[in-house]
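Report on one structure; see the data block that follows.
The values are calculated or read from the model by the stated rules, or taken from the named source; none is laboratory data. The structure presented is a predicted model; accordingly, all values stated were derived computationally and were not measured. Note that each Cβ is placed from the backbone with ideal geometry, even for glycine, and that neighbours are counted across all protein chains shown. Remember, those area values only see protein heavy atoms, side chains included, never the ligands or the DNA or RNA. Shrake-Rupley method; radii C 1.70, N 1.55, O 1.52, S 1.80 Å.
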Amino acid sequence: MVIALLIAAAAVPHAQKVWTEAPAAATRPTAPPQSIAQLVKQAMPAVVGIVAVTSRGEPQDPFHDFLQRMYGSGGERQQPVRGIGTGFFIRSDGLVATNGHVVEGATEITVQVGYEERAVRGVLVGKDEATDLALVKVEGGPFPVLALGDSAGVEVGEWVVAIGNPFGLSRSVTTGIVSYKGRRDVNPSGRPGYYDFIQTDAAINPGNSGGPLLDARGAVVGINAAVNPAGQGIGFAIPINMLKEIAPQLEKGHVVRSWMGMSVQDQMGSDLAEWFGVPGGKGVVITEVVEGGPAARAGLRPGDVVLSFEGDPVSESYRLRWLTANAGPGRTVKMGVWGDRSLRTVAVALAEKPGQAADEWPARAEAARKDPEPLGVSVDEQPGLAGLRITSVDLRSAAYRAGLREGDVLVDIDGSPMRNRAAFRKAVAESGAVTRLYVRRTGRSIFFGVRKEPARTAQASP
């Protein structure tokens, strides 16, 4: 009954939030689900498979050769590479959460929906490399959704259920317990980022990435991310609260992080806390301050100890870094700081993190938005070669949804050969409600039908 109520609540999209919130519970469900079969039956329709095609390079999945032998996926190494992953609907209009590495470098995304695994074209909405999280959008709906729980309340020893597509074996279910919380000493990608994994012994294998980790009520408490191949029963999931904190920005394309301009120490032992005279012995010690940075302008200096951030106590350096990064550039935050054996409140005006660059695809999308082209497609002439090369495709356009991609060569429109941009614009202007495009892609010829849409007004990014 609890599970049924949860999923019923999840079926209605939230008016404000990016996701659907699970109903609050007075206590954590520490016992196993009353019926794992019933929980899975309720959750499975909202879980999707994701096939991401990259144009070239080595596959991200280390088990590519295994998959190729079993299923023939991947083809030759110089051909487009298919990566297999998992995702799940978090909003009924088709918004899907998954891992960033599942869709990394993808030129084409296919989302497999429902038990029949109906193939639907997906559009990358936003990707954040620092947390390995991404949002993908599909047209249609309403779709069943999974409600998001509270990963902060998850307890070690609690029962969890993982759903995904390990090794391409779709809709596989494994169970286990939470083995550890706050695992920050592992870095599966080898890149700088924010890592705060839930460790579980529920089997998580390649292909499970991006799938939900459910608690005994059926609420999502984590996103399956990685496995330790050297051991057994050691899997990692990204806490769902991490997605909640960045999802509003992620839905806009990418995450812009703020910066305070200081370095902090990972730990403050009891002896050091005693030396500083820190009340309660807990806080985060500042070790360096960037000259001219926000922290320096606010009067912070090495040896100060941060006790609170916007009224919330902080005792871990990771938590302070995370709160600072996600507060937002331009915002002024108040911190409780202990220094010279006295407590003071310091207001810091945060700046944008230096050297931060959006992922490559949002930059291309933004360029397309500023100067809309017919059908949302930009083209360039190829001296000495037939056809026009497509240089960008607006991610919001019908052309993108139809399957046109950057690098395609446009041969003709409605039978008219494409020799220059003028011919392109003329052909589109004279076409009917649906424009037929004839395209060459990596040695193949493909026809596309693109329905015209009302002209979009260029908008500055928020």
### Query
Within the stretch 267-276, is there a residue that is open to solvent by 30 Å² or more (accessible area, probe 1.4 Å), within 19 Å of Asp196 (Cβ to Cβ) and in contact (Cβ under 8 Å) with a residue 40 or more places away in the chain?
yes
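Just need a number here: residues in the stretch 302-320 that are exposed (fewer than 15 other Cβ atoms within 10 Å of the Cβ) and touching a residue at least 12 places away in the same chain (Cβ under 8 Å).
Result for the stretch 302-320: 5.
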### Task
Those residues that are over 13 Å from Arg341 (Cα atoms) and surrounded by 15 or more Cβ atoms within 10 Å (Cβ to Cβ), I need them from the stretch 277-289; list them, please.
Lys282, Gly283, Val284, Val285, Ile286, Val289
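Just checking, which of Val337, Val333, Val346, Val278 is in contact with a helix residue (DSSP H, G or I) (Cβ under 8 Å, 6 or more places away or on another chain) and aliphatic (A, V, I, L, M)? Don't jump to the end; show me each part of the working.
Values: Val337 fails: in contact with a helix residue (DSSP H, G or I) (Cβ under 8 Å, 6 or more places away or on another chain); Val346 fails: in contact with a helix residue (DSSP H, G or I) (Cβ under 8 Å, 6 or more places away or on another chain); Val278 fails: in contact with a helix residue (DSSP H, G or I) (Cβ under 8 Å, 6 or more places away or on another chain).
Exactly one residue qualifies, and that residue is Val333.
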### Task
Among residues belonging to the stretch 231-263 that are modelled with pLDDT under 90 and part of a strand (DSSP E or B), point out the one that is surrounded by the fewest Cβ atoms within 10 Å (Cβ to Cβ).
Ser263
#### Entry: Given (1) buried (at least 18 other Cβ atoms within 10 Å of the Cβ); (2) modelled with pLDDT under 90, number of the condition Val136 does not satisfy
(2)
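Kindly provide the set of residues from the stretch 113-141 that are in a strand (DSSP E or B) and either among the hydroxyl-bearing types (Ser, Thr, Tyr) or within 13 Å of Ala46 (Cβ to Cβ) (or both), ordered by number.
Of the residues in the stretch 113-141, the ones in a strand (DSSP E or B) are 113, 118-128, 133-138.
Result: Val113, Val138.
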### Task
Scan the stretch 193-203 and give yes if some residue there is in a loop (DSSP other than H, G, I, E, B), open to solvent by 60 Å² or more (accessible area, probe 1.4 Å) and either free of Cβ contacts under 8 Å to residues at least 12 places away in the same chain or touching a Gly at 6+ places or on another chain (Cβ under 8 Å) (or both), otherwise no.
yes
### Task
Residue by residue through the stretch 139-159, note down the ones that are within 23 Å of Ser397 (Cβ to Cβ), surrounded by fewer than 21 Cβ atoms within 10 Å (Cβ to Cβ) and in contact with a strand residue (DSSP E or B) (Cβ under 8 Å, 6 or more places away or on another chain).
Glu139, Gly140
### Query
Scanning for something in a strand (DSSP E or B), farther than 19 Å from Lys252 by Cα and of a type in the set (Asp, Glu), does the stretch 96-109 turn up at least one residue?
yes
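Of everything in the stretch 297-334, what is among the small types (Gly, Ala, Ser), over 33 Å from the mean Cα position of the chain (by Cα) and modelled with pLDDT of 95 or more? Give them in sequence order. Don't jump to the end; show me each part of the working.
Restricting attention to the stretch 297-334, the residues satisfying the condition of being among the small types (Gly, Ala, Ser) are 298-299, 303, 308, 311, 315, 317, 325, 327-328, 330.
Subsequent filtering for residues that are over 33 Å from the mean Cα position of the chain (by Cα) retains 298-299, 303.
Those that are among the small types (Gly, Ala, Ser), over 33 Å from the mean Cα position of the chain (by Cα) and modelled with pLDDT of 95 or more: Ala298, Gly299.
Within the stretch 265-287, take every residue that is among the aliphatic types (A, V, I, L, M) and in a helix (DSSP H, G or I) and give me the one that is modelled with the lowest pLDDT. Explain how you work it out, then say what you get.
Kept after step one, since they are among the aliphatic types (A, V, I, L, M), are these residues of the stretch 265-287: 268, 272-273, 278, 284-286.
Within this subset, residues satisfying the condition of being in a helix (DSSP H, G or I) are 272-273.
Working: Leu272: 86, Ala273: 89.
Ranking the candidates gives Leu272 first.
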